[in-house]
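Chemist: Please see the structure below; I have some questions.
Each reported figure results from applying straightforward, stated rules to the coordinates on display, with no laboratory input. Just so it is clear, the structure is predicted and the values come from calculations on it, not from any experiment. Here the Cβ positions follow ideal geometry from the backbone for every residue, glycine too, while neighbour counts run over all protein chains shown.
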Amino acid sequence: MIPWLNPALEQLFVDAAIETLTMVGGAAAVAILLGLPLALLLYATGPGGLAQNGLANRPLGLLVNAVRSTPFIILMVAIVPFTRLVAGTSIGTTAAIVPLALAATAFIARLFETAFREVDRGVIEAARAMGATRLQILVKVVVPEAMPGLIAAVTVTLVSLVGYSAMAGAVGGGGLGDLGIRFGYQRFMPEVMASVVVVLIVFVQGLQSLGDWIVRRIRRR
Amino acid sequence: MSAAIATPGTLPGETAIPEAAIRLTELRRHFSTSGSTLVKALDGVSLSVAPGEIFGIVGRSGAGKSTLIRCVNLLERPDSGSVRVLGEELLGLDDAALRERRRGIGMVFQHFNLLASRTVADNVAFPLEVAGVPAAERKTRVAEALALVGLAEKAKNYPTQLSGGQKQRVGIARALAPRPKILLCDEATSALDPETTQEILGLIKTLRDQLDLTVLLITHEMAVVKEICDRVAVMERGQVIEEGRVFDVFTRPAHPTTRRFIADTIGHSIPPGTVARLPAPGAGEARRLLQVLFAGPNSTRSVISEASRRYGLDLNIISGRIDEIAGEPFGIMALAAYGAPEQIEAALAWFAELGLGITPIPDSAVEGH
């Protein structure tokens, strides 16, 4: 697979790549699932929203900002008790998904919220004029109209998650970043470091191109 | 039908005063903008639109017409007043009942406001979907609505693939799919080129006749009013300053703002320098510049030559034009009258007696251009 690495290292590489994919995929799935309703809530209760409600909007916004402003490496160790509660352990790949998912949820919720805000107000007004309920407006108008923006947000989140996942080594999460630190840096193996960097670049490029392609496809209609 | 048993001339509907389709009473809506200035978007507006009529509200931007049309389906809630649509007060209704009523009031927008994520057919289906119409019926109603606006072949296209005029046709089809009795047009043609505007206005008129719609439209273009409206209200600073049959308002505008609107549309300005080149009045003679409006029963009479003979005047026609407003012809002419001052006055009195509209043109107004 990678000619300049010996078979043992190659196996480590494959395992690390799978761990990265697991962490990024798992965290992204949770983030999308939780981030979408959270973003809809932020959007609807926000200023000028469909169900404007400062009492609900401010605490939610504060919570999201709190998560977003905590450096990921700190967040990861700060929520260890919570991680243990959810995953049963605070060490390993599965355990690393918990803080990753939390950070990504806050991140993607803001990006989704921004995408919703960009939906033309005229279209929402038209839906109101046609007798749509607020829920119908969210589900049938806001979400579908924001779809290109939502896909772009997912792409950005995935790319950020690849970066965050490099820090998962701190809680024994493994992954390509951890491999790079332990072998490439601590054991002075520049070929491992170079391979990690190259693979991550290719991986991120692939994600970005795929995301862009989907957005273009939706927009062209 | 009850008409079958009633004898001609005694139909109950004939004597009863028909309930207005839309009756707005004393609407007020104030906005406080950033700072403390209070904007009176609606400052005591009352209007009523008869069933089957096309009623236009014209005004400059900021006159309050946009707020007014949004009060009809309560997209905008007035601070006070009454909004009656099809005989029912809307202001007291709860959310669910209001949504139900909104489905009976179609609305068309300046920027079309179509859903980019849906095909033409799915856009038209939207109001039906929202109202819970079953899928099978939705399909026939969508086909029917698209046929009405002549866009059946574009059903599977997305809005971005359509021209502006086509998009507005989709907007109209969408508004009409739930079979409303009332259509609100919010600057429906303002984003379209003149040719497409004609097309869309023609369509609205046809649909009104075909479907028995009551249409309330707002516009900043008097040309739109002239083209399709039966009656018009002119708004300025949150108030209706003039209201009446389109022909009457055009031929006998009472308010200066209305006159300015009309001058923009039926363009009657005298080229600069024209007056300067007119011959000066001779000794003992006076010169008067005036605008004559030909409308009403005497508009086809040869009044110019008659006036010339009767009062011994020389009448110099500076400009003239014949137009048609709301299907009625009218003419507008600028004259320079030369003659004895008292004869000129007598001629003016005679014109007025004939029911022609006379407006003196001050020399300075023309030279000042």
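Chemist: For region A:171-218, run through the chymotrypsin sites (Phe, Trp or Tyr not before Pro) and keep only the ones in DSSP coil with at most 15 other Cβ atoms within 10 Å of their Cβ.
Modeler: Those that pass, being in a loop and sparsely packed, are A:PHE188.
Chemist: Using only Cα positions of region A:12-220, each an equal point scatterer, no hydration layer, compute I(q)/I(0) via Debye at q = 0.12, 0.14, 0.15, 0.19 Å⁻¹ and quote the log10 values to two decimals.
Modeler: Log10 of I(q)/I(0), two decimals: -0.68, -0.87, -0.96, -1.28.
Chemist: Extending each Cα 7 Å along its Cβ direction at A:ALA29 and A:ILE2, get the distance between those two points in nm, one decimal.
Modeler: With each label placed 7 Å out from Cα toward Cβ, I get 2.6 nm.
Chemist: Follow-up. For peptide A:116-122, what's the mean number of Cβ atoms from other chains within 10 Å of each residue's Cβ?
Modeler: The mean count of partner-chain Cβ atoms within 10 Å per residue comes to 2.
Chemist: Here's something else I'd like to know. About its Cα centre, how strong a charge dipole does chain B have in debye, to the nearest 20, once Lys and Arg get +1 and Asp and Glu get -1 at the Cβ?
Modeler: Here chain B has a charge dipole of around 820 debye.
Chemist: Under 19 Å from a label point 7 Å along Cα→Cβ of B:VAL39: give me every residue in region B:75-93 with its amide N that close.
Modeler: Of the residues in region B:75-93, B:75-80 have backbone N under 19 Å from the label point off B:VAL39.
Chemist: Once both labels are modelled 7 Å past Cα along the beta-carbon direction, what's the B:ALA147-B:GLU195 spacing in nm?
Modeler: So the label points at B:ALA147 and B:GLU195 sit 2.9 nm apart.
Chemist: Continuing with the same structure: Determine the dipole magnitude for region A:12-220: charges of +1 sit on the beta-carbon of Lys and Arg, -1 on that of Asp and Glu, nothing else is charged, the reference point is the Cα centre, and the result goes in debye to the nearest 20.
Modeler: It works out to roughly 480 debye.
Chemist: Which peptide among B:168-175, A:15-22 comes first, and what is the full order, when sorted by highest mean count of other Cβ atoms within 10 Å?
Modeler: Result, highest mean first: B:168-175, A:15-22.
Chemist: Would you compute the Debye intensity of region A:1-86 from its alpha-carbon atoms alone, equal scatterers and no solvent, and pass along log10 I(q)/I(0) at q = 0.11, 0.13, 0.14 Å⁻¹ to two decimals?
Modeler: -0.53, -0.66, -0.72
Chemist: A follow-up question, please. What are the equivalent ellipsoid semi-axes of region B:184-327, built from the alpha-carbon gyration tensor (square roots of five times its eigenvalues), in whole angstrom, biggest first?
Modeler: Semi-axis lengths for region B:184-327 are 37, 17, 15 Å.
Chemist: Where in region A:1-104 are there chymotrypsin sites (Phe, Trp or Tyr not before Pro) that are in a DSSP coil and have at most 15 other Cβ atoms within 10 angstrom of their Cβ?
Modeler: In loop regions of region A:1-104 (DSSP not H, G, I, E or B), the sparsely surrounded chymotrypsin sites (Phe, Trp or Tyr not before Pro) are A:TRP4.
Chemist: Counting DSSP beta bridges with both partners in the protein assembly as shown, what percentage is antiparallel, nearest 5?
Modeler: Bridges in the protein assembly as shown that DSSP calls antiparallel: roughly 70 percent.
Chemist: Which FRET efficiency value, to the nearest 0.05, do you get for B:ALA97 and A:ARG216 by plugging their Cβ-Cβ distance into 1/(1 + (r/R0)^6) with R0 = 45 Å?
Modeler: After rounding to 0.05, the efficiency reads 0.55.
Chemist: Once Lys and Arg get +1 and Asp and Glu get -1 on their Cβ, which of A:GLY177, A:LEU200, A:ALA115 lies farthest toward the positive end of the dipole of region A:86-221?
Modeler: The one lying farthest along the dipole's positive direction is A:ALA115.
Chemist: Right, here's the next one. With no solvent and one point on each alpha carbon, what is the Debye value of log10 I(q)/I(0) for chain B at q = 0.12, 0.14, 0.15 Å⁻¹?
Modeler: Normalising to I(0) and taking log10 leaves -0.98, -1.17, -1.26.
Chemist: Also, I was wondering about something else. When ranked by the protection proxy of mean other Cβ atoms within 10 Å per residue, highest first, what sequence do the peptides A:125-133, B:296-304, B:341-349, A:151-159 form?
Modeler: Per-residue Cβ counts within 10 Å, averaged per peptide and sorted highest first, yield A:125-133, A:151-159, B:341-349, B:296-304.
Chemist: With each pseudo-label sitting 7 Å past Cα toward Cβ, what's the B:ALA135-B:ARG237 distance in nm, one decimal?
Modeler: 5.8 nm
Chemist: Provide the FRET efficiency to the nearest 0.05 for the A:GLN186-A:LEU63 pair, computing r from the beta carbons and using R0 = 25 Å.
Modeler: Calculated value: 0.10.
Chemist: Still on this model: How many partner chain Cβ atoms sit within 10 Å of a residue's Cβ in peptide B:109-121, on average, as a whole number?
Modeler: 5
Chemist: Excluding residues fewer than 8 places away in the same chain, name every one of the aspartates and glutamates whose C-alpha is closer than 17 Å to that of A:LYS140.
Modeler: Output for A:LYS140: A:GLU113, A:GLU118, A:ASP120, A:GLU125, B:ASP122, B:GLU129.
Chemist: For the pairs B:LYS65/B:LYS156; B:LYS65/B:LYS205; B:LYS154/B:LYS205, flag any whose C-alpha to C-alpha distance is greater than 24 Å.
Modeler: From the list (B:LYS65/B:LYS156; B:LYS65/B:LYS205; B:LYS154/B:LYS205), the Cα-Cα distance tops 24 Å for B:LYS65/B:LYS156.
Chemist: Just check region B:87-238 against the gyration tensor rule for me: Cα atoms, a ≥ b ≥ c as the square roots of the eigenvalues, rounded for a/c under 1.5, and otherwise prolate or oblate depending on whether a/b exceeds b/c.
Modeler: Oblate is the answer for region B:87-238, as a/c is 1.5 or above yet b/c matches or exceeds a/b.
Chemist: Taking a label point 7 Å from the Cα of B:ASN157 along the Cα→Cβ vector, which residues of region B:105-138 have an amide N closer than 11 Å to it?
Modeler: From region B:105-138, the list is B:120.
Chemist: Which order do B:LYS226, B:LYS40, B:LYS156, A:LYS140 fall in if you start with the one that has the fewest other Cβ atoms within 10 Å?
Modeler: Lowest count first: B:LYS156, B:LYS40, A:LYS140, B:LYS226.
Chemist: Mind checking B:165-178 for the average number of partner chain beta-carbons within 10 Å of each residue's beta-carbon?
Modeler: Average neighbour count from other chains, rounded to a whole number: 1.
Chemist: Give the Kirkwood hydrodynamic radius (Å, one decimal) of the protein assembly as shown, defined as one over the mean of 1/r across all pairs of different Cα atoms.
Modeler: 29.7 Å
Chemist: Let me ask another. In whole Å, how far is the Cα centre of region A:151-183 from that of region B:191-264?
Modeler: 63 Å
Chemist: What's the FRET efficiency of A:ARG134 with A:GLN208 using the Cβ-Cβ distance as r and R₀ = 35 Å, to the nearest 0.05?
Modeler: The value I calculate is 0.50.
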